[in-house]
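Down below is the structure, laid out as structure tokens.
Read the figures in this text as sums done on the coordinates, not as results from a lab. Small disclaimer: the values here were computed from a predicted structure and weren't measured. So basically every Cβ, Gly included, is an ideal-geometry build from the backbone, and we count neighbours across all protein chains shown.
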Amino acid sequence: MNYRLNYLEELEAEAVFVLRETFAQFQNPCILFSGGKDSIVVTHLAAKAFAPGPIPFTLLHIDTGHNFPETIQFRDELVERLNVRLVVGKVEDSIKDHTVQEELGPNANRNRAQSITLLESMESNGFDAAIGGGRRDEEKARAKERFFSHRDAFGQWDPKNQGPEIWHLYNGRKNQGEQFRIFPISNWTELDVWEYMLKENIALPSLYFTHDRPCVRRKESILAQSAYLIPHESDKLVDLNIRFRTIGDMTISGAMESTASTVAEIIAELKEMNQSERGNRADDFRSESSMEDRKKEGYF
Amino acid sequence: MAQTKDILRFTTAGSVDDGKSTLIGRLLYDCKQIPQDQIDTVQRISERKGLTDIDLSLFTDGLKDERAQGITIDVAYRYFTTENRKFIIADTPGHLQYTRNMVTGASTANAAIILIDARKGVVEQTRRHSFIASLLQIQHLIVCVNKMDLVNYSKEAFEQIVSSFQDFSAKLAIVDVQFIPISALQGDNVVHRSEKIDWYQGATLLHTLENLSVANEINLIDFRFPVQHPVRVDQGSVQDYRAYAGRIESGIVRVGDEVIVLPGNQGSKIKSIMGMNGPQEEAFAPQSISLELTDELDISRGNILVKPNNQPEEVRQLSAMICLMSSQAYIPGRKYILRYTTNEVKALIKSILYVYDMESLKRDEEQTALQTNDIARVSLQLAGPIYIDEYCKNKATGSFILIDEQSNQTLAVGMIS
Ligand SMILES: Nc1nc2c(ncn2[C@@H]2O[C@H](COP(=O)(O)OP(=O)(O)OP(=O)(O)O)[C@@H](O)[C@H]2O)c(=O)[nH]1
Ligand SMILES: [Mg+2]
């Protein structure tokens, strides 16, 4: 026998270790479940980490109200299949409670609002740690994250004062009211995620694969046409064969033209691609530090 | 040869402005591993700063404050792959103030790239970081003498630095040291061989990284299994399953093996091993598994499973090298939490044996206080027994952190020797 793990097995073993540490060190952790591929992988890893028992975490979905119906259907089927508890935190509710002010203007979205709804949901459910599918390779502020990432009592990240994180001795101690964000797949790249999907044969929302859809071309971006999208004068309505590279709020998840209909074809396509994963997310366009700014406010 | 892709983790180290971030940017850029939109953004920012060339350090220096100050504050992780390897890069800061972040990045590394500015030579931070790398037992050091473009690619300048580095590294326990003259800015000897440095016959940095051997770095001899948590399942098709979840830190285990549980010395046998893809006959480090035993024992988080004929040492006090990591002061007499593997125990620093002077690397035995960033040998008194190996034999069971119970901050990291 060859006593060596290949890179995917090593990443898997690391992520499972982190998930089990989270279970052991916190009272009431949740998995931030968006219906996107990264949170699907994290949920899959959690199922493996605690097999043959159930996943000991609640899934928390922060719902902007602008969902792809496909995502919701997928989410509900997964919850049913894995027999996990699901909690949905609605941005609409925060708007009704006036803790969130809906953005106005042609580029309004509910992305920043999500942070507030997330913090409110964590508080009302007593979650002291939120496990996310964030990866360091996604974005330059994420590249700075610890596995166990501390948040103060207001949910804020302080990137200039992160504590040390040595070997895999994760220090999850905190004061009352503080919380942690946990990133088990920190060291995975987008390609690693897809290679793992292939190896594990993980089910995904149909949105990730090529399909015919009425879209809006807006500058460089392709967005799904929907009732939630605030029309711009320069928008061009087109019918395209597209797929999504990341899935989130319908109004900001950019699509790409593609004919990839299987995970293997997606991998082949990615290897040829020269564009970042989040390169077409409207939420990251706002400024060069929009991710860092949002994370400081409590974003995932 | 059919080969499976492995992972090499490496870190950068060295003094402020020696070019660590620029080097990582150069490496990724020349390997064509940076997406075009990121290049465009960095190009735009560089132009705005009035630079004619692209500022390669911006690919890792991603925080607002880092970009404003032109320094690295915290570790940035970047990734790239070649045919045979996935690389995990930790680009760490050179500033003394952020040593804790350098240690964070270096602690999981198989290799460290130490940068030295060819004009400045070996300085205190070079020594400190090399010393930390040796304490952490990083197997491979690649010393890159950088900014060769600013010393006319001079062979003498390079050789002088090599020799002064060797003078002090002779005192360090590092297995493999290599030297490469480079210019991160111009790209000499990073991915492409330099034409201007024709007197250098050795490999480029990328070639060196691709060929480092990391196969023997996992200890497959001494079985150590710290329990993360007990597992109890009794529902549906699974009846009365009791197991212990954890990661094998070292060694190999098979179904039927005799094991003992520490503390307590209770013996049992492995009944089953649950792996990532169901039951398996054997398992090895660093796999995450769950172990079921033939006997019902009282086992909880922090206990460690080992083999009867190969046990760690039980201690209630120990001597260790520690690096002070917190900006908060160490308070003599205060009890700290010593966290090691998945276990915690209260600890008191009984005495400071010596503190290293980073200029001379000499031991100062007169010091009675510990300051942030100090590296010292201390003796610790523990509230209960722990089971340890020497760090050089076993990283996981030979290392710990000290946590301040009041602030929850990590005060220090320690290596047992
Ligand atoms: N001429 C020349 N300049 C270089 C070279 N490498 C880096 N520099 C310059 O040195 C300065 C510092 O580079 P950085 O890459 O930010 O240094 P660093 O080691 O990452 O600094 P910290 O992370 O803050 O410790 C920048 O102005 C670089 O352009 C080189 O090979 N030649
Ligand atoms: Mg730097």
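Values computed for the structure shown
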read-out	value
Spatially proximal lysines relative to B:LYS362 (Cα-Cα < 20 Å; intrachain offsets below 8 disregarded)	B:LYS171
B:GLY14 long-range amide H proximity, modeled H, under 5 Å	B:LEU115
Averaged over A:38-49, number of beta-carbon atoms from partner chains that fall within 10 Å	1
Total charge dipole magnitude, segment B:88-154, about the Cα centre, Cβ charges on Lys, Arg, Asp, Glu only, Debye to nearest 20	140 debye
From phi via Karplus (6.51, -1.76, 1.60), per-residue ³J(HN,Hα) for segment B:262-279 in Hz, x at Gly/Pro	10, x, x, 6, 6, x, 6, 10, 6, 8, 8, 10, 9, x, 6, 10, x, x
GNM result for chain B, Cα springs below 10 Å: residue of B:GLY25, B:GLY302, B:GLY278 fluctuating most strongly	B:GLY278
Packing-based order for B:353-361, B:406-414, B:26-34, using average beta carbon neighbours within 10 Å, highest first	B:406-414, B:26-34, B:353-361
Assigned charges on the beta-carbon of Lys, Arg, Asp, Glu; segment B:286-347 dipole about Cα centre (debye)	520 debye
C-alpha long axis of helix B:36-48 to longest principal axis of chain B, angle in °	50 degrees
B:LEU172 paired with B:ARG242, simple spin-label distance in nm, labels 7 Å along Cα-to-beta-carbon	5.0 nm
Pairwise FRET efficiency - B:GLN266 versus B:ILE45, Cβ, R0 = 41 Å, nearest 0.05	0.10
Cβ-based exposure ranking for B:CYS144, A:CYS215, in which fewest neighbours within 10 Å come first	A:CYS215, B:CYS144
Inter-part distance where segment A:217-272 and segment A:69-103 are each reduced to a Cα centre, Å	22 Å
FRET efficiency, A:GLU80 to A:SER226 (Cβ-Cβ, R0 30 Å, nearest 0.05)	0.70
Using alpha-carbon coordinates, inclination of helix B:20-30 to the longest axis of chain B, degrees	80 degrees
Efficiency of FRET from Cβ geometry, A:ALA153 and B:GLU313, R₀ 56 Å, rounded to 0.05	0.85
Simple spin-label estimate for B:GLU366 and B:CYS31 in nanometres, 7 Å along Cα-Cβ	4.9 nm
Set of aspartates and glutamates near B:LYS307 by C-alpha distance (under 16 Å), chain-local residues within fewer than 8 positions excluded	B:ASP222, B:GLU249, B:ASP257, B:GLU258, B:GLU282, B:GLU292, B:ASP295, B:ASP389
Qualifying trypsin sites (Lys or Arg not before Pro) in segment A:197-300, DSSP loop, other Cβ atoms within 10 Å at most 12	A:LYS219
Kirkwood hydrodynamic radius of the protein assembly as shown, Cα pairs, Å	26.8 Å
Virtual spin-label span in nm between B:LEU96 and B:SER300, 7 Å along Cα→Cβ	4.4 nm
Cα-centre dipole for segment B:313-416 with unit charges at Cβ (Lys and Arg positive, Asp and Glu negative), debye to 20	240 debye
Partners for B:LYS155 among lysines (Cα-Cα distance below 22 Å; same-chain residues under 8 apart left out)	B:LYS20, B:LYS120, B:LYS147, B:LYS196
